[in-house]
């Protein structure tokens, strides 16, 4: 089987994208009771094609110890995870990774997780993105 020459020339996404800061969403701290922002806790959405290993390399830190949950099964072809104990400098590094699509602030005592693809799509449209 012949290999497509274009595939051999592909570069990791972080090497091909321009610089930008991933937007923060759901971080305005105007949540209805009993919900409130959970300090240092975020959900990170990587662009399709950007691996967790590439993400850790670009951030400059092995992100594995920070990961609490992997939500990738809800996003075929995309890495999505929640993390905790993230300080301001690490959050900045995560957002500066060109392979990060967006970052959501996590809330406590917990968030309602959509169960269907339609609910995920609807929640993403409702939440919007913040810079």
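All of the numbers you see were taken from the coordinates with simple rules; none came from a lab. Since the structure is predicted, the reported quantities are computational estimates derived from the model, not experimental observations. All Cβ positions, even for glycine, are placed from backbone atoms using ideal geometry, and neighbour counts span all protein chains on display.
Highest mean first, what order results for 65-77, 38-50, 93-105 on Cβ atoms within 10 Å?
Per-residue Cβ counts within 10 Å, averaged per peptide and sorted highest first, yield 93-105, 38-50, 65-77.
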The extension gain from residue 38 to residue 73, computed as 0.36 nm times the residue separation minus the Cα-Cα distance, is 10.2 nm
With each label point set 7 Å from Cα along the Cα-Cβ vector, what nm distance links residue 64 and residue 21? 3.1
